[in-house]
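Data first, discussion second: the structure below is written as structure tokens.
The values are calculated or read from the model by the stated rules, or taken from the named source; none is laboratory data. Bear in mind that the values here come from a model prediction, so they are computed numbers and not experimental data. Reconstructed Cβ throughout: ideal geometry from the backbone, glycine too, with neighbour counts over all protein chains shown. Protein only, heavy atoms only, side chains kept; ligands, DNA and RNA dropped before computing areas. Shrake-Rupley method; radii C 1.70, N 1.55, O 1.52, S 1.80 Å.
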Amino acid sequence: MDFQQSQPIFLQIADWLSDKVISGEIPPGGQIPSVREIAIATGVNPNTVQRAVERLLMNGIVQSQRGKGNFL
């Protein structure tokens, strides 16, 4: 993933995940990849990915299920 200097990385990751939802790559009710998996795929710190996921949680795009992961 190529990051741009004009926007924080966690926002770019949140947008990337949102694009996967819009495109149907992650279906409604589907599980998003774990924070660790996204961090490895994008080459960023897991804390940065966690900020992106928290933003999606706050916006109601993702729901967290304890012990299972994050789902749409």
All positions within the stretch 1-26 that are within 19 Å of residue 72 (Cβ to Cβ) and β-branched (Val, Ile, Thr): 13, 21, 22, 26
The stretch 44-63: number of residues that are part of a loop (DSSP other than H, G, I, E, B) and either within 11 Å of residue 9 (Cα to Cα) or basic (Lys, Arg) (or both): 2
Single residue of the stretch 1-23 satisfying the filter (small (Gly, Ala, Ser) and surrounded by 10 or more Cβ atoms within 10 Å (Cβ to Cβ)) that is nearest to the chain's Cα centre (by Cα): 14
Checking residue 26 against (1) open to solvent by 50 Å² or more (accessible area, probe 1.4 Å); (2) part of a loop (DSSP other than H, G, I, E, B), the condition it does not meet: (1)
Test result for residue 42, out of contact with any Gly (no Cβ under 8 Å at 6 or more places or on another chain) and either free of Cβ contacts under 8 Å to residues at least 40 places away in the same chain or open to solvent by 90 Å² or more (accessible area, probe 1.4 Å) (or both): no
Single condition residue 65 does not satisfy, out of (1) within 25 Å of residue 4 (Cβ to Cβ); (2) free of Cβ contacts under 8 Å to residues at least 24 places away in the same chain: (1)
